[in-house]
Number of protein chains: 2
Amino acid sequence: MSESSSLPRAGLALAGFIVITFCAPLFGTAAMPGVWHAALHKPSWNPPAWIFGPAWTLLYTLMAVAAWLVWKHVGWRRPLLPYFVQLALNAAWTPIFFGAHQLGWALVEIVALWVAILLTMVGFSRVSKTAGWLFAPYLAWVAFAAILNFTLWRMNPG
Amino acid sequence: MSESSSLPRAGLALAGFIVITFCAPLFGTAAMPGVWHAALHKPSWNPPAWIFGPAWTLLYTLMAVAAWLVWKHVGWRRPLLPYFVQLALNAAWTPIFFGAHQLGWALVEIVALWVAILLTMVGFSRVSKTAGWLFAPYLAWVAFAAILNFTLWRMNPG
């Protein structure tokens, strides 16, 4: 691994990637689960609500560390561009699902998000296998979330 | 960075470090903030309760990634020993503070934890500067938590 960046700069960059990454869920907090979500028909395997906070905190942290590792290796180069695209798609899902209650559009959006995550992961893996691995739990979770989104869309027509 | 470990093994190890690390807070969940904690005298700068869950999830994730990076570099060697010592001390604080209501003993314990985190961080930094940096937010947060513990101990005698 290139350790060329100075240490305080690397520490600040880690903090920066964490702060920028955790901006994504802030878009959604205003429209978080409420009466509408509680009234949806849900499958038996719908996870309990308390899982989502810790799970997303873990996943946002892993993806921020992955982006920071890529930055440490190559600086502000092309592999970081899809990272910010997938982060924007990630931020947009909650307002579509929990804000606008558009289960179908949210499904389209989360499939696009999953593809963006996969492309980011492939680009990251070329720079650092470690950064690629840090994306694996996120890719798996969003696949699960997409299946859950699909199921909720089918169970709650109109 | 040594990329000698095979890929599925590296991915499993990342999952393993995350699972082992998140065992530490499980010891405390049975005795989490309740009536006793709500009744304590608190300083004006005591953070709101909702901060602690996301903050600790972020910090446990960062420390697990750091330990995994050290494992990737040197395998099961000496730098990982203090990691498990600090993790055990981390796990013990919540039962002492929230379970036994021993603010003074909790203070002694958290100072020992801070020293163990510092020693782990120094050892990790020698193997990987990245792993060392991933410990910096944790060291800073536990310093803050120790000052908060001290303040609560002084404000709530007996």
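The values are calculated or read from the model by the stated rules, or taken from the named source; none is laboratory data. Keep in mind that what you see is a predicted model, and the values were worked out from it rather than measured. Don't worry about glycine lacking a Cβ; one is built from the backbone with ideal geometry, like all the others, and counts go over all protein chains shown. Heavy atoms of the whole protein, side chains included, go into the accessibility calculation; ligands, DNA and RNA do not. Shrake-Rupley method; radii C 1.70, N 1.55, O 1.52, S 1.80 Å.
Got at least one residue in the range B:138-145 being over 30 Å from A:H73 (Cα atoms), in a helix (DSSP H, G or I) and more than 12 Å from the chain's Cα centre (by Cα)?
yes
When B:T61 is evaluated against the numbered criteria (1) out of contact with any Phe, Trp or Tyr (no Cβ under 8 Å at 6 or more places or on another chain); (2) surrounded by fewer than 20 Cβ atoms within 10 Å (Cβ to Cβ); (3) within 14 Å of chain A (Cβ to nearest Cβ), which criterion, by number, is the only one it fails?
Answer for B:T61: the failing condition is (2).
Could we say that A:A100 is modelled with pLDDT under 95 and under 12 Å from the mean Cα position of the chain (by Cα) here? Even if it seems obvious, please write down each step before you answer.
Numbers: modelled with pLDDT under 95: yes; under 12 Å from the mean Cα position of the chain (by Cα): no.
In short, no.
Taking the condition open to solvent by 20 Å² or more (accessible area, probe 1.4 Å), within 14 Å of chain B (Cβ to nearest Cβ), touching a helix residue (DSSP H, G or I) at 6+ places or on another chain (Cβ under 9 Å) and in contact (Cβ under 8 Å) with a residue 24 or more places away in the chain, does A:L69 pass?
Working: open to solvent by 20 Å² or more (accessible area, probe 1.4 Å): no; within 14 Å of chain B (Cβ to nearest Cβ): yes; touching a helix residue (DSSP H, G or I) at 6+ places or on another chain (Cβ under 9 Å): yes; in contact (Cβ under 8 Å) with a residue 24 or more places away in the chain: yes.
Taking the combined requirement at face value, the residue does not satisfy it.
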